[in-house]
Amino acid sequence: MRVTAHASDRPLAGYVPTSFRHTYPATPETETMIEQLLALRDRLGGEGGDAASPLDADEGAGDDAGDDAGDAADVDDTEERPRVGLFVDGPNVLRDEFDVDLDDVRESAEAFGQLGITRLYLDEHATPGLIQAAEARGYEVVITSGDVDVKLAIDASESAVRDEIDVLAIASRDTDFKPVIETAGRNGVRTVAIAPGTHGRSDALRNAANDDVLLGE
């Protein structure tokens, strides 16, 4: 596995499908969806919640103070690790020609922080064996009856604009996800493009992301 970091001004933050499109220009529908999600982000940003009430100065005094401090340190320790969202385009990546191991995909994303989302998208042709194997490896499996890339793009974009993740990792070679990566980057989310191999790498995704991972090296 090879990981490459790209210089950028952006903040860091086997089953074969019945059909497969080899080239994927970014579509107007995808770009419109991204703009709608950005508008949603703006609306959510204006809805502030109630601020936490400050603790009374006397609370926690005495012998319990040390324990409270220790608990706070543990929380801070956890929060220091970036929240990673991994989104895997199953029909695009899980092909005999690439021989991708889902464990390798997950581990490549874990190198960037703590996995908060580990999701594999499949179409209706996915076999029960593949679904069970993915779930056994810690993946949440999403089955779609339509285009996998549309559902994945919407979910990944929502996670980025809702501030649910600090790092967005997409495993695919579909250039339809370039606007998703760019949108996440503009929102302060570090982006990672995971390719199934040299012949399965998208230069468009690799150049758009902060980092890229090449599986199998």
* Asked: Looking at the stretch 145-152, is at least one residue of a type in the set (Asp, Glu) and at pLDDT 95 or above?
  -> no
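Every residue in the stretch 170-217 that is of a type in the set (Lys, Arg) and either modelled with pLDDT of 95 or more or assigned to a helix (DSSP H, G or I) (or both), please. So that I can check it myself, show each step before the final result.
First, the residues of the stretch 170-217 that are of a type in the set (Lys, Arg): 173, 178, 186, 190, 201, 206.
Answer for the stretch 170-217, where residues must be of a type in the set (Lys, Arg) and either modelled with pLDDT of 95 or more or assigned to a helix (DSSP H, G or I) (or both): Lys178, Arg186, Arg190, Arg206.
Each row is one residue, and each column tells you yes or no for (1) of a type in the set (Lys, Arg); (2) surrounded by fewer than 24 Cβ atoms within 10 Å (Cβ to Cβ).
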{"residue": "Thr144", "(1), (2)": "no, yes"}
{"residue": "Ala153", "(1), (2)": "no, no"}
{"residue": "Arg162", "(1), (2)": "yes, yes"}
{"residue": "Leu168", "(1), (2)": "no, no"}
{"residue": "Ala209", "(1), (2)": "no, no"}
{"residue": "Leu215", "(1), (2)": "no, yes"}
* Determine, yes or no, whether Glu124 is within 24 Å of Pro82 (Cα to Cα) and of a type in the set (Asp, Glu). => no
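Among the candidates Thr127, Thr118, single out the residue that is hydroxyl-bearing (Ser, Thr, Tyr) and either on the phi > 0 side of the Ramachandran plot or over 12 Å from the mean Cα position of the chain (by Cα) (or both).
Details: Thr118 fails: either on the phi > 0 side of the Ramachandran plot or over 12 Å from the mean Cα position of the chain (by Cα) (or both).
Criteria check complete, one pass: Thr127.
The values are calculated or read from the model by the stated rules, or taken from the named source; none is laboratory data. None of the values given here were measured: they were computed from a predicted structure. All Cβ positions, glycine included, derive from the backbone under ideal geometry; neighbour counts span all protein chains shown.
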